[in-house]
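Novice: Mind looking over this structure? Questions follow.
The values are calculated or read from the model by the stated rules, or taken from the named source; none is laboratory data. Keep in mind the model is a prediction, meaning the values are calculated, not measured. When we count neighbours, we look across all protein chains shown, and the Cβ atoms used for this are built from the backbone with ideal geometry, even at glycine. Quick note on the areas: whole protein, heavy atoms, side chains included, nothing else; ligands and nucleic acids left out. Shrake-Rupley method; radii C 1.70, N 1.55, O 1.52, S 1.80 Å.
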Amino acid sequence: MGGSSSSQQAAQSETPTFFTQEEISKLKSEFKTGGVEKVQPLIQNKIKELNNTELNIAVTGDTGAGKSTFINAMRGLCSEDEGAAAVGTTETTKKPTGYSHPTLPNVHYWDLPGIGSARFTAGSYLRKMQFKKYDFFIIVSAGRFTENDAKLAKEIKRLGKRCYFVRSKIDVDLYCMRRERKEFDEVAEMEKIRSDCVSGLGKAGIPNPTVFLISSFEPDQYDFNWLKEALEGDLTNVKKRAFILALLIESVEIVRKKNEILKKDIWMLATLSGGVGAIPIPGLSLACDIGILIGAIIHFQKCLGLDDASLHRLANRTGKPVEELKSAVKPHLLGEITPDIIVRIGWGTTVVTVSALELALDVVPVIGSIFGAGSSFLMTFKILRDALKDLTENAERVVRAAFEIN
């Protein structure tokens, strides 16, 4: 009949895409027969699934290709940081070695020995490297990709997994060229290097490969961001969520991507609060579950890089004093989150004026307004929405201070 209203269109954009259609149908059915109490176990299981979803990224390449440095760059670590992958010019990797993300331990980067050093065929290599556990492979080379690289890529593709070609140390090559020549065109030289890599892989049987030219020491330049976008774009919903939340806070765009992901969690947490024996917080106008609130806000802090450890790592990477970065954040958003902090900031202290129906349509458009009832749901949703908004704005300020963005 007529066109959709603006509120309906907004609701559509907030669809909780981490649920399958089958799961959504079950939520509706369970609510009809048992109300919120019957729905809560389903929501709890979904939250558990999201939080426990593992993302395993395999990185392989010959000795000296820069695998370990790349893994450290993806995790925001320097080689001397605790937990950093060992860096060396000799083969330091003898077997698959996993390195967890510093704040999201379910995201793992695996440093694999290069196929040339391992002395087995592409097929036996993948068997010994426990091929099935990895979500995708990144093949790193500091020069031309080898025939072994191409064989491995073909075997990975044959077995239904994706692989990406990364040409590392591009900054070193360009620096040397710049010193040797009076006239130097960086863009043209990069395209020559890319074309040479593509041509070599094509001759080895890889048609039309995409090659990313990167520097692990300058992750904001060259093709590093393009590589991350490619990895993100090829992942399915839940895996993509894990990848985005694990991205380093290096741009306002990344902060906003994380915000959109975390917003989708809020209605689920509010639903749990709606019937988990609400605990009143002195000073709040309505009751809500304090454990859910504090746990969620701490998670938001970590994902947005506002916890103390993340701020120190960012300071190390950018050369900015950590005090300068912290000065961009409102003091009450740093450190431990307590019930008193929640009250003092004002999250949730005002009366909820949004109707249950409007709120449900904004947050759970596919399911309708079934979760719109109950003061605990409304209050938890409002507090987490306001907290995430504050944290996102502060994360954007940190990014601008760290990278001198206007």
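Novice: Condition check: within 18 Å of SER215 (Cβ to Cβ) and in contact with a Ser or Thr (Cβ under 8 Å, 6 or more places away or on another chain). Does VAL166 satisfy that?
Specialist: yes
Every residue, every condition in (1) modelled with pLDDT of 90 or more; (2) farther than 30 Å from PHE217 by Cα; (3) assigned to a loop (DSSP other than H, G, I, E, B), yes or no:
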{"position": "GLN12", "(1), (2), (3)": "no, yes, no"}
{"position": "SER25", "(1), (2), (3)": "no, yes, no"}
{"position": "PHE31", "(1), (2), (3)": "no, yes, no"}
{"position": "GLY35", "(1), (2), (3)": "no, yes, no"}
{"position": "GLN44", "(1), (2), (3)": "no, yes, no"}
{"position": "ILE47", "(1), (2), (3)": "no, yes, no"}
{"position": "VAL59", "(1), (2), (3)": "yes, no, no"}
{"position": "THR63", "(1), (2), (3)": "no, no, yes"}
{"position": "SER68", "(1), (2), (3)": "yes, no, no"}
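Novice: Go through the stretch 223-262 and count every residue that is surrounded by fewer than 17 Cβ atoms within 10 Å (Cβ to Cβ) and outside any helix (DSSP H, G or I).
Specialist: Here the count works out to 2.
Novice: Looking at the structure I just gave you, is ARG313 in contact with a Gly (Cβ under 6 Å, 6 or more places away or on another chain) and either open to solvent by 50 Å² or more (accessible area, probe 1.4 Å) or at pLDDT 90 or above (or both)? Let's see the steps before the verdict.
Specialist: Values: in contact with a Gly (Cβ under 6 Å, 6 or more places away or on another chain): yes; either open to solvent by 50 Å² or more (accessible area, probe 1.4 Å) or at pLDDT 90 or above (or both): yes.
Yes: the conditions hold for ARG313.
Novice: Quick one: which of PRO282, PRO331 is under 29 Å from ARG75 (Cα atoms) and modelled with pLDDT under 90? If you could, list the steps in order and put the result at the bottom.
Specialist: Details: PRO282 fails: under 29 Å from ARG75 (Cα atoms).
Every option except PRO331 fails the conditions.
Novice: While we're on this one: Is it the case, given these coordinates, that GLY205 is at positive phi and either among the hydrophobic types (A, V, I, L, M, F, W, C) or open to solvent by less than 60 Å² (accessible area, probe 1.4 Å) (or both)? Even if it seems obvious, please write down each step before you answer.
Specialist: Working: at positive phi: yes; either among the hydrophobic types (A, V, I, L, M, F, W, C) or open to solvent by less than 60 Å² (accessible area, probe 1.4 Å) (or both): yes.
Yes, satisfied.
Novice: Suppose we keep only residues that are hydroxyl-bearing (Ser, Thr, Tyr) and touching a helix residue (DSSP H, G or I) at 6+ places or on another chain (Cβ under 6 Å) within the stretch 206-250. Which one would you say is farthest from HIS312 (Cα to Cα)? Please lay out each step first, then the result.
Specialist: Let us first name the residues in the stretch 206-250 that are hydroxyl-bearing (Ser, Thr, Tyr), namely 210, 215-216, 222, 236.
Cutting the leftovers down to touching a helix residue (DSSP H, G or I) at 6+ places or on another chain (Cβ under 6 Å) gives us 215-216, 222.
Details: SER215: 22, SER216: 19, TYR222: 25 Å.
Looking at the filtered set, the residue picked out is TYR222.
Novice: If you go through the stretch 334-355 one residue at a time, do you hit one that is modelled with pLDDT of 80 or more, touching an Asp or Glu at 6+ places or on another chain (Cβ under 8 Å) and of a type outside the set (S, T, N, Q)?
Specialist: Within the stretch 334-355 (the criterion being modelled with pLDDT of 80 or more, touching an Asp or Glu at 6+ places or on another chain (Cβ under 8 Å) and of a type outside the set (S, T, N, Q)), the answer is yes, since at least one residue qualifies.
Novice: Oh, and also: May I ask you to verify whether LYS389 is surrounded by fewer than 14 Cβ atoms within 10 Å (Cβ to Cβ), under 25 Å from the mean Cα position of the chain (by Cα), at pLDDT 80 or above and not small (Gly, Ala, Ser)? Reasoning before the result, please.
Specialist: On the way: surrounded by fewer than 14 Cβ atoms within 10 Å (Cβ to Cβ): yes; under 25 Å from the mean Cα position of the chain (by Cα): yes; at pLDDT 80 or above: yes; not small (Gly, Ala, Ser): yes.
The answer is yes for LYS389.
Results for (1) more than 30 Å from the chain's Cα centre (by Cα); (2) crowded, with 16+ Cβ neighbours inside 10 Å; (3) farther than 25 Å from GLY114 by Cα, shown as yes or no for each residue.
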{"position": "ALA142", "(1), (2), (3)": "no, yes, no"}
{"position": "LEU152", "(1), (2), (3)": "no, yes, no"}
{"position": "LYS161", "(1), (2), (3)": "no, yes, no"}
{"position": "LYS169", "(1), (2), (3)": "no, yes, no"}
{"position": "ARG179", "(1), (2), (3)": "yes, no, yes"}
{"position": "ASP185", "(1), (2), (3)": "yes, no, yes"}
{"position": "ALA188", "(1), (2), (3)": "yes, no, yes"}
{"position": "SER195", "(1), (2), (3)": "yes, no, no"}
{"position": "SER199", "(1), (2), (3)": "yes, no, no"}
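Novice: Can you say whether PHE217 is closer than 28 Å to GLY76 by Cα, modelled with pLDDT of 95 or more and either aromatic (Phe, Trp, Tyr) or touching a strand residue (DSSP E or B) at 6+ places or on another chain (Cβ under 7 Å) (or both), as far as the supplied structure shows? Quick ask: steps written out before the conclusion?
Specialist: Values: closer than 28 Å to GLY76 by Cα: yes; modelled with pLDDT of 95 or more: no; either aromatic (Phe, Trp, Tyr) or touching a strand residue (DSSP E or B) at 6+ places or on another chain (Cβ under 7 Å) (or both): yes.
It is false that PHE217 is closer than 28 Å to GLY76 by Cα, modelled with pLDDT of 95 or more and either aromatic (Phe, Trp, Tyr) or touching a strand residue (DSSP E or B) at 6+ places or on another chain (Cβ under 7 Å) (or both).
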